[in-house]
Amino acid sequence: MNIFIVFAHPEPKSLNASLLNFSVEVLKEAGHQVQVSDLYAMRWKAVADRDDFPWLDAGVPLQYANASGEAFTQHRQLPEIEAEQQKLLWADFVIFQFPLWWYSMPAILKGWVDRVYAYKFAYGVGVHQGEKWGERFGEGVLKGRKAMVVLTAGGRELHYSPRGVNGYLEDLLWPIQHGILFYPGMYPLPPFTAFEVNPRTAPEAFEQIKAAYKERLLTLETTPVIQYRSQNGGDYDGQQLLKPGREGKGVTGLAIHQIHPRVGSYGGEAEAPL
């Protein structure tokens, strides 16, 4: 496979960077092609602003979405933005690797998404009328690809469990997995998370992390994806609301947008997520 890793950590001597280098070695040894965008090393510009459109008249108010769409469709994008889009199109599998900072991704990675996910490239695609409101959530330009979040967290695993004080990790990652990955068509695998990571992480603990990550990397093609419901697959009505009864018995919250073990696209009994 062609695998594209978007990496966001400021320290090249960090555990995160070591894990990145380890993953590239494992993937290449397994016969995969790998490209990496190390955003801090690239000094990636995180701010989405007027500087992204040097051709835009100074007297015209900036509407970033419209300007990004015009730049994309008219081939007027900055070279660094187009280069990242080409990596996404090249990839069969995309990995976002980052430390969990304040319950989300580092700002530089969010800025990468803001700038690379141009209008008409990652969103605003397809017909927007009637019961079909665009090609998104399972459709779109990046359809056919898989993706995965790889993150490190300082807290204990129990802190991110359904009853944990930090909140359920699956819910915290919803904006990334369902939004940034699934929205333009990629199907995400369950995330790979290393908990209790800090500068004092013992070498033996890091070896355990590497072993677990290697197992995941070598099974990317067979690991089941998260079964999010596609927007245009029949589960949602003309207002893009989940049709009554589709969530299954006992399933609430964000989990209603997943097809759980005993739930098909058109209903059935469900098991609440553990």
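The values are calculated or read from the model by the stated rules, or taken from the named source; none is laboratory data. Model, not experiment: these values are computed from the prediction. Glycine gets a Cβ as well: all are built from the backbone with ideal geometry, and neighbour counts include every protein chain shown.
So here's what we get for this one:
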{"read-out": "Output for segment 245-270, where each listed residue is surrounded by fewer than 18 Cβ atoms within 10 Å (Cβ to Cβ), modelled with pLDDT of 90 or more and either touching a strand residue (DSSP E or B) at 6+ places or on another chain (Cβ under 8 Å) or under 30 Å from ALA30 (Cα atoms) (or both)", "value": "ILE256"}
{"read-out": "Residue match in segment 176-195 (condition: surrounded by fewer than 21 Cβ atoms within 10 Å (Cβ to Cβ) and closer than 20 Å to GLU11 by Cα)", "value": "yes"}
{"read-out": "Given (1) outside any loop (DSSP other than H, G, I, E, B); (2) of a type in the set (Ser, Thr, Tyr); (3) more than 20 Å from LEU19 (Cα to Cα), number of the condition THR222 does not satisfy", "value": "(1)"}
{"read-out": "Contacts under 9 angstrom Cβ, first residue in segment 46-64 being within 30 Å of MET105 (Cα to Cα), partner exposed (fewer than 10 other Cβ atoms within 10 Å of the Cβ), 6 or more apart", "value": "ARG50/ALA58"}
{"read-out": "Residue match in segment 54-63 (condition: surrounded by 15 or more Cβ atoms within 10 Å (Cβ to Cβ), over 21 Å from the mean Cα position of the chain (by Cα) and more than 16 Å from LYS210 (Cα to Cα))", "value": "yes"}
{"read-out": "Residue match in segment 73-80 (condition: surrounded by fewer than 16 Cβ atoms within 10 Å (Cβ to Cβ), under 20 Å from the mean Cα position of the chain (by Cα) and of a type in the set (A, V, I, L, M, F, W, C))", "value": "no"}
{"read-out": "Answer from GLY167, GLY134, GLY138, GLY126 - the residue that is over 20 Å from the mean Cα position of the chain (by Cα), of a type outside the set (A, V, I, L, M, F, W, C) and in the same structural domain as LEU20 (by TED's automatic domain parsing)", "value": "GLY126"}
{"read-out": "Residues being in contact with a strand residue (DSSP E or B) (Cβ under 8 Å, 6 or more places away or on another chain) and in a loop (DSSP other than H, G, I, E, B) - total across segment 196-219", "value": "1"}
{"read-out": "Cβ-Cβ under 8 Å pairs, at least 6 apart or on other chains, segment 8-35 side closer than 23 Å to GLY111 by Cβ, far side at pLDDT below 95 and among the charged types (D, E, K, R)", "value": "ALA17/GLU11; LEU19/LYS210"}
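Results for (1) at pLDDT 95 or above; (2) exposed (fewer than 14 other Cβ atoms within 10 Å of the Cβ), shown as yes or no for each residue.
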{"residue": "PRO203", "(1), (2)": "no, yes"}
{"residue": "PHE206", "(1), (2)": "no, no"}
{"residue": "ALA212", "(1), (2)": "yes, yes"}
{"residue": "ARG216", "(1), (2)": "yes, no"}
{"residue": "THR219", "(1), (2)": "yes, yes"}
{"residue": "GLN231", "(1), (2)": "no, no"}
{"residue": "GLY234", "(1), (2)": "no, yes"}
{"residue": "GLN240", "(1), (2)": "no, no"}
{"residue": "LYS243", "(1), (2)": "no, yes"}
